[in-house]
């Protein structure tokens, strides 16, 4: 849990290095739990697919593309949907 951690919960911490070309995507559950028109959830597999699809765009363009695709599937969001994207270029 990056956003809104529970003070009674124990979280493992660590340090990592993003290699050149790496993408770090942080998102709230409202992104992967976004309901499509048929009632199914968007899901992590579809999100991974979009990250791959938009990998050559800037972080801002990637986020915009993902949200546009989510809105095409269902323009109504029932939960908060937040995405933070970091891309290591060099």
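Assorted remarks:
- The set of residues in region 17-43 that are farther than 22 Å from residue 88 by Cβ, without any contact (Cβ under 8 Å) to a residue 40 or more places away in the chain and surrounded by fewer than 15 Cβ atoms within 10 Å (Cβ to Cβ) comprises 36, 37, 38, 39, 40, 41, 43.
- Here residue 89 passes the criteria (1) assigned to a helix (DSSP H, G or I); (2) loosely packed, with under 12 Cβ neighbours inside 10 Å except the one numbered (1).
- Residues (exposed (fewer than 12 other Cβ atoms within 10 Å of the Cβ), in a helix (DSSP H, G or I) and at pLDDT 95 or above) located in region 49-78: 52, 60, 68
The values are calculated or read from the model by the stated rules, or taken from the named source; none is laboratory data. None of these values were measured; they are calculated from a predicted model. No Cβ is skipped: glycine too gets one built from the backbone with ideal geometry, and neighbour counts run over all protein chains shown.
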